[in-house]
Amino acid sequence: MIDVLIVGAGPAGISASIVCARAGLNVKVVDEFVRTGGRLLGQLHEEPNGKWWNGIEIAERLVAEARELGVEFDMGVSVYNLKQLGDEWKVYTAKETVRVKALLLATGAAETALPIAGWTLPGVMSIGAAQVMTNVHRVRPGQRGVIIGVNILSTAIARELVLAGVEVESMLLPVKSLMTEEDGDPGKVMELLLRVAHLAPSKILRFGSGLMKSASMKRLGLKFYPKSGFRVWGIPVKLRQAVVEIVGSKQVEGVRVVDIDVEGNPVEGSERLIAADFVCIAGGLYPLVELAAVAGCPFRYIEELGGHVPVHSENMKTGLKGLYVAGNITGIESAKVAMAQGEVAGYSIAEDLLLNRSFEGPLRAALEKVESTRQNAVIQFHPKIEKGREQMEMAFKVLEAETGNQLYVKKG
């Protein structure tokens with residue numbers, strides 16, 4: 001019988017499988033994608049210390065270690081239902097139905113769509129799809145592209161496209177609407193960019209961003225932000241232009257753009273066409289939580305974590321016995337944080353299943369690793385992630401109080 005089933009062969013799931021297998025548990029990992037690695041597969045970037053983070057190499061190393069420990073990977077298999085049966089979980093997959101003692105959901109995140117006129121044309125894709133095409137499948141998404149949506153994710157992937165020899169004509173905002181209000185607001189987008197200004201490749205950009213401390217300076221900077229944008233890694237980042245429509249007859253032929261004021265309102269008579277053969281839409285990420293909902297997990301909406309998130313403890317335990325979560329399903333953070341969370345989940349599972357052994361020391365060390373990894377993260381997708389984590393821990397304590405007993409599995 002399988003002791004532990006992990007849904008998701010990404011950084012969190014693989015790391016958890018290694019910890020559980022080392023403890024002597026029988027572990028199986030399933031994922032609907034055909035390759036192991038999850039979001040690691042598309043990642044390729046240079047870190048501040050000059051070293052390159054190659055997600056494919058890291059994934060291969062982790063998977064090799066897991067396989068050596070006896071972890072079974074079943075790829076191309078989706079999970080469509082979960083049922084709690086006493087102290088076990090019944091998991092329905094496209095291949096089989098299994099019963100397990102512990103179930104870890106490490107399902108990751110999905111991209112938020114930004115509805116823009118013309119977005120159903122062939123050649124329009126999410127920024128993550130362009131990353132996978134380029135870095136995983138080694139296929140160019142096109143010859144000349146435009147990225148709609150300026151955020152941390154799109155900026156990182158834009159550079160990866162440039163490194164692969166893809167021409168990115170520019171990065172622009174979507175025109176403001178009820179669905180794109182924040183993404184189309186130049187002021188809010190500038191606030192986001194200022195938080196990662198220390199990563200700007202140009203000393204001039206880093207120096208200039210350092211001057212914009214006060215609200216008045218930020219507004220002044222936005223007022224005089226050049227229409228042509230500032231170049232980052234050779235890509236014009238335009239905060240004073242917005243895309244009104246993606247145009248083309250049978251496929252993408254370009255985008256119709258308009259100048260915007262500091263509030264994001266279109267300037268009359270400024271429309272024009274930018275030629276492109278592909279368009280990437282970048283609306284950010286949100287936790288992929290459908291299976292947690294199917295399982296019956298309580299949820300909380302916490303903006304700092306990226307949306308609705310299953311209530312869980314810092315030990316990666318949910319309010320349902322034997323069900324654990326790790327990675328971006330718990331809140332949007334980096335792959336490094338997801339890997340560290342996977343280790344925490346692994347030790348929590350081992351502690352609950354192997355009652356004759358103590359994992360207190362390794363679990364404490366793993367929790368400290370999560371905190372240090374988070375604090376040293378080069379990029380934070382949400383600036384108040386610590387506040388979000390505190391809110392979640394409080395939500396879990398409230399859940400414990402409401403149930404009238406301790407949700408943690410106690411020894412003895």
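In table form, for the structure just shown:
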{"read-out": "Leading residue at positive end of dipole, the chain (Cβ point charges), from V124, M394, V257", "value": "V257"}
{"read-out": "Helix 186-195 vs. the chain, principal-axis angle (Cα, 0 to 90°, nearest 10)", "value": "60 degrees"}
{"read-out": "By average C-beta atoms within 10 angstrom, highest first, the peptides 5-16, 115-126, 278-289", "value": "5-16, 278-289, 115-126"}
{"read-out": "Inter-part distance where region 271-296 and region 312-371 are each reduced to a Cα centre, Å", "value": "28 Å"}
{"read-out": "Efficiency of FRET between Q84 and R231 - r from beta-carbon atoms, R0 60 angstrom, step 0.05", "value": "0.65"}
{"read-out": "Förster radius 22 Å - calculated FRET efficiency between R140 and I56, Cβ distance, rounded to 0.05", "value": "0.80"}
{"read-out": "On Cα atoms only, tilt of 385-403 relative to the major axis of the chain in degrees", "value": "40 degrees"}
{"read-out": "Theoretical gain in end-to-end length, E253 to V378 [0.36 nm per residue, Cα-Cα removed]", "value": "41.4 nm"}
{"read-out": "Whole-percent carbon and sulfur share, accessible surface of the chain, 1.4 Å", "value": "53 percent"}
{"read-out": "Separation in nanometres of the label points that stand 7 Å from Cα toward Cβ, at M75 and A113", "value": "2.8 nm"}
{"read-out": "Over the chain: helical MRE at 222 nm, DSSP H runs n ≥ 4 each giving -39500 (n - 2.57), nearest 500", "value": "-10000 deg cm²/dmol"}
{"read-out": "Accessible surface, per residue, of region 342-405 when the full set of protein chains is kept, probe 1.4 Å, Å²", "value": "53 Å²"}
{"read-out": "Sites M394 and H308 - FRET efficiency at Förster radius 22 Å, r taken between beta-carbons, to 0.05", "value": "0.85"}
{"read-out": "The chain: relative contact order as a whole-number percent, Cα under 8 Å and 6+ apart", "value": "18 percent"}
{"read-out": "Difference of contour (0.36 nm per residue) and Cα-Cα distance, E68 to E371", "value": "106.2 nm"}
{"read-out": "Residue-normalised accessible area of region 1-45, given per residue in Å² at a 1.4 Å probe", "value": "30 Å²"}
{"read-out": "Point-charge dipole on Cβ atoms (K/R +1, D/E -1) for region 1-140, about Cα centre, debye to 20", "value": "160 debye"}
{"read-out": "Additional length obtainable on full extension of the chain from A275 to E386, 0.36 nm per residue less Cα span", "value": "35.7 nm"}
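The values are calculated or read from the model by the stated rules, or taken from the named source; none is laboratory data. Computed from a prediction, not measured in an experiment: that's the story for all the values here. Every residue, glycine as well, gets a Cβ built from its backbone with ideal geometry; the counts of neighbours run over all protein chains shown. These accessible areas exclude ligands, DNA and RNA; they are computed on the full protein's heavy atoms, side chains included. Shrake-Rupley method; radii C 1.70, N 1.55, O 1.52, S 1.80 Å.
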